[in-house]
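J.: Got a structure for you, questions after.
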Amino acid sequence: MKEIKGILYMQRDEIIVYLMLETGFFLFGEILLWVIVYVAGEKESILPLGTLVALCMSGFILAFGSGASLPTCFNTAVGMGAARKRSVPVIFGAYLVMDLIVAWAACLFYHLERWIFRLAYAGMPLEQDFGYIFRWKYLLPACLAMVAWNALVGAIFLKIGKVVFVFVYILWMVVCIGVPRLEALIQSTQDNVFLRLCRATVDWVAGCSQAGILAAVVAASAVCMFFAWMLLRRQQVVS
């Protein structure tokens with residue numbers, strides 16, 4: 001625990017920046033909601049845009065920012081004489097706590113937004129309530145997955161350098177552009193072997209229990225962290 005506190009203290013500026021950005025995203029979402037309701041006149045229903053924007057954008061920044069900062073944290077710890085066998089799990093634990101701090105801040109914003117709704121949007125129905133995602137059974141696997149992703153990206157970065165972020169960018173573009181197009185194809189009337197395989201996969205995932213999906217997320221996170229550990233255990237300090 002003492003070592004984790006040391007890592008968190010070393011990363012305190014990064015944590016503060018994340019929380020400030022998250023606050024800014026929340027305020028932007030609230031302003032956007034006000035404009036939609038009171039300027040555009042869309043009063044049929046409302047969405048918790050402040051919480052949604054803060055959560056999504058913070059997750060995006062964590063996915064890229066922590067992956068870039070983890071190598072610096074590793075280099076500092078090992079450069080100061082810490083054993084890799086002990087420092088790497090400590091770093092993973094510290095980044096898990098950091099992700100949980102950001103998630104808890106989003107939870108606080110969610111409750112603040114509900115209070116704002118009662119004051120400024122009384123009587124308007126809530127189209128979608130995202131409060132359920134702040135349960136531990138969702139938060140912890142999500143934060144574990146984020147740590148695993150950052151650990152893997154950071155470990156590969158130490159091995160091959162900044163080129164890893166080119167692959168991350170390509171992956172991001174594939175997800176942003178390819179997934180919506182694939183979804184449209186799956187819902188279309190076209191039929192071929194690839195689409196039949198995709199539809200069968202979607203149906204199989206849809207048929208899985210919630211507990212099974214969460215267990216799969218935790219298992220995949222453990223595998224990613226194991227590979228990151230294998231890469232880092234003999235990694236030399238990179239200046």
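J.: I need the full set of residues from segment 135-155 which are under 10 Å from the mean Cα position of the chain (by Cα) and of a type in the set (G, A, S), in order please.
T.: A142, A145, listed by residue number.
J.: Further question on the same structure: Filter segment 63-81 down to the residues that are open to solvent by 10 Å² or more (accessible area, probe 1.4 Å), aliphatic (A, V, I, L, M) and in a helix (DSSP H, G or I), then identify the one that is modelled with the highest pLDDT.
T.: A63
J.: While we're looking at this one, here's another question. For segment 7-16, how many residues are surrounded by fewer than 13 Cβ atoms within 10 Å (Cβ to Cβ) and aliphatic (A, V, I, L, M)?
T.: Summing the residues that are surrounded by fewer than 13 Cβ atoms within 10 Å (Cβ to Cβ) and aliphatic (A, V, I, L, M) in segment 7-16 gives 1.
J.: May I ask you to list pairs of residues, at least six apart or on different chains, whose Cβ atoms are under 6 Å apart, with the first in segment 14-25 being more than 13 Å from C56 (Cα to Cα) and the second being at pLDDT 90 or above?
T.: From residues that are more than 13 Å from C56 (Cα to Cα), the pairs are I15/M98; L19/A105.
J.: A follow-up question, please. Determine the pairs where a residue that is in contact (Cβ under 8 Å) with a residue 40 or more places away in the chain and among the polar types (S, T, N, Q), located within segment 125-151, has a partner that is open to solvent by less than 40 Å² (accessible area, probe 1.4 Å) and not in a helix (DSSP H, G or I) with Cβ atoms under 8 Å apart, the partner being 6 or more residues away or on another chain.
T.: Going by the 8 Å Cβ cut-off, the qualifying pairs are Q128/P48.
J.: Any residue that is out of contact with any strand residue (DSSP E or B) (no Cβ under 7 Å at 6 or more places or on another chain), under 21 Å from A142 (Cβ atoms) and among the polar types (S, T, N, Q) - is there at least one of those in segment 44-61?
T.: Checking segment 44-61: at least one residue is out of contact with any strand residue (DSSP E or B) (no Cβ under 7 Å at 6 or more places or on another chain), under 21 Å from A142 (Cβ atoms) and among the polar types (S, T, N, Q).
J.: Turning to a different aspect of this structure: Where residues in segment 216-237 are open to solvent by 50 Å² or more (accessible area, probe 1.4 Å), touching a helix residue (DSSP H, G or I) at 6+ places or on another chain (Cβ under 6 Å) and modelled with pLDDT under 80, which of them is farthest from T76 (Cα to Cα)?
T.: Result: R233.
J.: Regarding K5, is this residue within 23 Å of A228 (Cα to Cα) and basic (K, R)? Before you say what the answer is, go through the steps one by one.
T.: Values: within 23 Å of A228 (Cα to Cα): yes; basic (K, R): yes.
Yes, satisfied.
The values are calculated or read from the model by the stated rules, or taken from the named source; none is laboratory data. Just so it is clear, the model here is predicted, and its values are computed rather than measured. Positions of Cβ are backbone-derived with ideal geometry, glycine not excepted, and every protein chain shown enters the neighbour counts. For accessibility, only protein heavy atoms count, side chains too; no ligands or nucleic acids. Shrake-Rupley method; radii C 1.70, N 1.55, O 1.52, S 1.80 Å.
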